[in-house]
Each structure stands twice: as C-alpha cells, then as structure tokens.
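Q: Input: one structure, supplied below.
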Amino acid sequence: MRTKSLLIKALISVLGVLLLASAPDVRAAQRNKAPGQLESSTARDVHRMEALKEEVRHQLMMLPYYSVFDWLQAEVKPDGSVTLMGQIVRPTLKDDAEARVKKLESASSVVNNIEVLPLSPMDDQLRLALYRRIYNFDSPLFRYATWSTPPIHIVVKNGHVTLKGIVANQGDAQLAYMAANQVPGVFDVKNELQIEGRVDEKVSRK
C-alpha cells in the first residue's frame, strides 16, 4: 500500500511539472492568435462599412426627385454613423434623403448636413442654359444625357457653378468645364469632375 501511495504521489508531481512547463506555450499561442483575430475583426468592419456605403449611395441615387441640378454624397464611419452632405434645389429632397438612409438597418445614426440652395430665378435660368450647353446634341457629352440621371451634375449658387460627378476621361471633364464657362451670366466655374478610372484606383488603394 505504501509503495502504491508513493507511486501515485510521484505521478502527481510529474504531471504538475508538465502542466507548468506547458503553460508558457499556451500563453504564447494565445498571444500569437490575438493579432489574427484583431485583423479578422478589422476586415469585417471594413467590409461592413463598404457595404453600408454602397447601400447609402444606392438609396440616394434612387430618390425620385434627385436631378442633375443636385449633388448628394455621404460619409460613413466604422460605427455605422452616416453624415449626409451636398447641395439640392428642392427642400423636400433633404428630408427624403435622411428618411431613406435612416431605414437602413446598418446605419446607427444619420447627421443631415445637406444644404438647400437659395431660391433664385437667375440661378434657375443658368441651370437650364448650362444643361443645354453641356449636353448639347452636337457635343461628345450628349451621350451622357441619355442616362436616367446624367453623371455631370450642375450645382448653381448665386451665379457660381460647380461641376460634380464622374466622367469617362479627362477630355470629357475639360469639355464640360469649357462649355460651362461659355454660358453668359456665370460668375465662375469650379470643375470637380472625377475620372472613372482614377476613382476606381482610389477605392482599391483604400
């Protein structure tokens, strides 16, 4: 009996030593695993944010009264908060945009910084004149006019013009800028048109 008891004690001591020896390896393995888990979590957050960006963009584009004379954009943060920005002609469009985005399940909160452009008969006349000049039938830019929402947006505020949107190439951006500058009554033109390929490159780098 005494011999058996001694054997059991010896086995317990050996097992204790083995467990203590293996503890640092377990802790090291957990430390090594943590960065991978963090990276995976970060990747999920990025994917979720990009998906929300696309959902918001789609909802804004689908607004029934969103026209070539308006410009809407949004900033999306990792926590799901969305900030709406841009300039619009119809005051109701501001509320419509906010209501649409608030319905998105992934949007945790919505801040509405959309600017309603001032009422101005002169600006209304400029909008029509700019549209006709930029999307003229004889212009290479006419092909964009056949889209449901033409990609070159014309934002007019107190005679000052900003061109927003995405075009196929630098030549189209320059043509639009030159056409807008030829319209009488325009004080100045800001060309903020982006080139399709360059936008894709910026997204891929992010």
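Q: Evaluate the following for L84: is it assigned to a helix (DSSP H, G or I), under 22 Å from I166 (Cα atoms) and not small (G, A, S)?
A: no
Q: Condition first: assigned to a loop (DSSP other than H, G, I, E, B) and either touching a helix residue (DSSP H, G or I) at 6+ places or on another chain (Cβ under 8 Å) or of a type in the set (D, E) (or both). Now tell me which residues in segment 129-152 satisfy that.
A: Residues satisfying the conditions are Y135, N136, D138, S139, P140, L141, T149, P150, P151.
Q: Considering only residues of segment 55-88 that are more than 30 Å from D123 (Cα to Cα) and among the acidic types (D, E), which is nearest to the chain's Cα centre (by Cα)?
A: Restricting to residues being more than 30 Å from D123 (Cα to Cα) and among the acidic types (D, E), the top hit is E55.
Q: Need pairs with beta-carbon distance below 6 Å; first residue touching a residue at least 12 places away in the same chain (Cβ under 8 Å) and within segment 101-115, second surrounded by fewer than 15 Cβ atoms within 10 Å (Cβ to Cβ) and hydrophobic (A, V, I, L, M, F, W, C); sequence gap 6+ or separate chains.
A: From segment 101-115, the pairs are N113/M85.
Q: Please go through segment 89-128 and pick out each residue that is within 17 Å of the chain's Cα centre (by Cα), in a strand (DSSP E or B) and either at positive phi or surrounded by fewer than 16 Cβ atoms within 10 Å (Cβ to Cβ) (or both).
A: Result: S109, V111, N112.
Q: Starting from segment 150-164, keep only residues that are at positive phi, then list their pairs with residues that are among the charged types (D, E, K, R) and outside any strand (DSSP E or B) whose Cβ atoms are within a distance under 9 Å, requiring at least 6 positions of separation or different chains.
A: Filtered contacts from segment 150-164: N158/D123; G159/D123.
Q: To continue, here is another question. Which of the residues spanning segment 92-138 are in contact with a Phe, Trp or Tyr (Cβ under 8 Å, 6 or more places away or on another chain), closer than 17 Å to L63 by Cα and among the charged types (D, E, K, R)?
A: Answer for segment 92-138, where residues must be in contact with a Phe, Trp or Tyr (Cβ under 8 Å, 6 or more places away or on another chain), closer than 17 Å to L63 by Cα and among the charged types (D, E, K, R): just D96.
Q: Restrict the check to segment 1-15 and report whether at least one residue is among the aliphatic types (A, V, I, L, M), modelled with pLDDT under 90, in a loop (DSSP other than H, G, I, E, B) and over 28 Å from K157 (Cα atoms).
A: Yes: one or more hits.
The values are calculated or read from the model by the stated rules, or taken from the named source; none is laboratory data. No experiment lies behind these values; they were computed from the predicted model shown. Positions of Cβ are backbone-derived with ideal geometry, glycine not excepted, and every protein chain shown enters the neighbour counts.
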